[in-house]
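Input: a single structure, listed below in structure tokens.
The values are calculated or read from the model by the stated rules, or taken from the named source; none is laboratory data. Just so it is clear, the model here is predicted, and its values are computed rather than measured. Using ideal geometry, Cβ is built from the backbone for each residue, glycine included, and neighbour counts are taken over all protein chains shown.
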Amino acid sequence: MRALLLLLAASPALLLGGCAPSSSCLALPTCGPGEQAVDRCAPSDPDCRTIGLCGQVAFCRGSAVTCEASPSCSEGESPGTACGESEPGCRSVSLCGTTVHCRPDAQCLAVPACEAGETAGGPCGAGEAGCRSVSLCGNTVHCRPAATCQAAPTCAQDEVAGEACQPSETSCRTVSACGATVHCRPSVSCLAQPTCDTGETAGSPCGAGEVGCRSVSLCGSTVHCRAGGQGTCVAPACGSGEVDGAACQPSESGCRTESGCGVTAHCRPSITCQAVPTCSAGEESGTTPCTSGEAGCRAVTLCGSTVYCREAPTCDAIPTCAAGEDSGTSPCASGEVGCRAVTLCGSTVYCREAPVNCFASPTCNPDEQQGSACLPGESSCREVTMCGETVYCRPAITCMALPTCSATEVAGPACSAAEPACRAVTLCGQTVYCRPL
């Protein structure tokens, strides 16, 4: 195009003859940035594409979009072989076409947790619907669908709630329900005495694992009750708002055990806790506990479940297609040639070869004449572009004047920004560029 402008500037008379249609195509097909020209594309090579222009063909191989990010495991994890099917604690991390398989280090700190909408409880019963077990780092929790938890822990009538129990306090007990906890101590005026139920007799402390023996504490005093004696033995039962179920787990809050007459009841609030711990916006949820002094990590616990929240890394990169490709959201079909997916920061675009065959030539209207590039503010000049070629059109008028330089100047190519002494002279739609002799 620069050569065409120079020719027009040097020979203004050629411009007065009007705009002749182009009978030849000089454009050559070229590969895009990051691609390499090859002799031919193999039919099975998805990274090779064919470009045709002006009767010429080029074969281009390679991708103009590079991805240099590398996947890595989190702190406390180590990469290894591919994860087994349903292998607990193993996860796969993929980035830029590379995948690593991460497992907790030998010092496994991961904690199994139920999913949102579930609550942890006792072991699943045989054939129990909706109950599943989750194991991680040697620990197991049993998860059931959760309902709304409305039960509140309370102290007995002869007790008062206070600060957390100390290890040396034998008369202090902890009561938990629905994720809330109170610490109960006998009231100052507690005069009640613990007694056994009808059908039980008080005796020596219960032995480890002794069936049918239970301890009853009240106002700092304890009696140990066994089935037997006079009268009818009354089996233990859960209180109002409680249900009997599987054995209480050591870490389970809100579950208590009642024994009597050789029978043991495991009582839980009849309404389970549904609240699910979640991280705030801008944080990522995980099961790996925060390490000592770890900045930006915090634990969130609700209804017996805990998640560990860390600041989410930011990723602003946007996937784009290469020059000569069209971007779209429709995934590549199986075996589709010339289509590829580009993924960055969780976003994916699908790139397909853009049509490159273009044989049209720009022309001016019959009442216009083709000339040099339009000048800033020249309202009567317009650009016509087709297939990468541009012509500049002005109204055809009867104007025979030709722009010329002064006697102390000489005409030449277009002025550059570094030539302050060069000036443009325009007449009748023609322009010459004048420089001092």
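Things worth noting here:
- Cβ pairs under 8 Å, 6+ apart, first in region 393-404 and touching a residue at least 12 places away in the same chain (Cβ under 8 Å), second loosely packed, with under 13 Cβ neighbours inside 10 Å and of a type in the set (Asp, Glu): Cys393/Glu383; Pro395/Asp367; Ala396/Asp367
- Residues within region 80-91 that are more than 19 Å from Thr291 (Cβ to Cβ) and in a strand (DSSP E or B), tallied: 1
- Only a single item in (1) assigned to a loop (DSSP other than H, G, I, E, B); (2) at pLDDT below 80; (3) within 30 Å of Thr287 (Cα to Cα) is not met by Ser176, and it is number (1).
- Residue within region 338-351 that is under 29 Å from the mean Cα position of the chain (by Cα), within 28 Å of Pro29 (Cβ to Cβ) and in a loop (DSSP other than H, G, I, E, B) present: yes
- Qualifying positions in region 32-60 - in a strand (DSSP E or B), exposed (fewer than 13 other Cβ atoms within 10 Å of the Cβ) and among the aliphatic types (A, V, I, L, M): Val57
- Scan of region 376-411 for residues that are outside any strand (DSSP E or B) and under 25 Å from Cys54 (Cα atoms), ordered by number: Cys387, Gly388
- Residue among Thr264, Thr257 that is part of a strand (DSSP E or B), more than 25 Å from the chain's Cα centre (by Cα), closer than 21 Å to Gly125 by Cα and modelled with pLDDT of 85 or more: Thr257
- Scanning region 400-411 for residues that are surrounded by 13 or more Cβ atoms within 10 Å (Cβ to Cβ) and within 22 Å of Pro376 (Cα to Cα), we see that the one that is nearest to the chain's Cα centre (by Cα) is Ala411.
- The set of residues in region 412-437 being surrounded by fewer than 13 Cβ atoms within 10 Å (Cβ to Cβ) and part of a strand (DSSP E or B) consists of Pro436 alone.
- Evaluating Thr314 against the criteria (1) among the β-branched types (Val, Ile, Thr); (2) assigned to a strand (DSSP E or B); (3) within 18 Å of the chain's Cα centre (by Cα) leaves one unmet condition, (2).
- Against the test of being outside any strand (DSSP E or B) and crowded, with 17+ Cβ neighbours inside 10 Å, the options Pro319, Pro331 yield a single qualifying residue, Pro319.
- Scope region 334-369; condition out of contact with any Cys (no Cβ under 6 Å at 6 or more places or on another chain), surrounded by 12 or more Cβ atoms within 10 Å (Cβ to Cβ), of a type outside the set (Phe, Trp, Tyr) and under 25 Å from Val57 (Cα atoms); matching residues: Glu336, Val337, Gly338, Glu353, Ala354, Val356, Ser361, Pro362
- Restricting region 146-173 to residues that are in a loop (DSSP other than H, G, I, E, B) and crowded, with 17+ Cβ neighbours inside 10 Å, the residue that is modelled with the lowest pLDDT is Cys149.
- Thr222 being in a strand (DSSP E or B) and modelled with pLDDT of 80 or more: yes
- One residue from Ser292, Ser251 being more than 30 Å from Gly212 (Cβ to Cβ), more than 18 Å from the chain's Cα centre (by Cα), in a loop (DSSP other than H, G, I, E, B) and among the hydroxyl-bearing types (Ser, Thr, Tyr): Ser292
- Taken as a whole, the condition of being in contact (Cβ under 8 Å) with a residue 40 or more places away in the chain, surrounded by 11 or more Cβ atoms within 10 Å (Cβ to Cβ) and in a strand (DSSP E or B) does not apply to Ala373.
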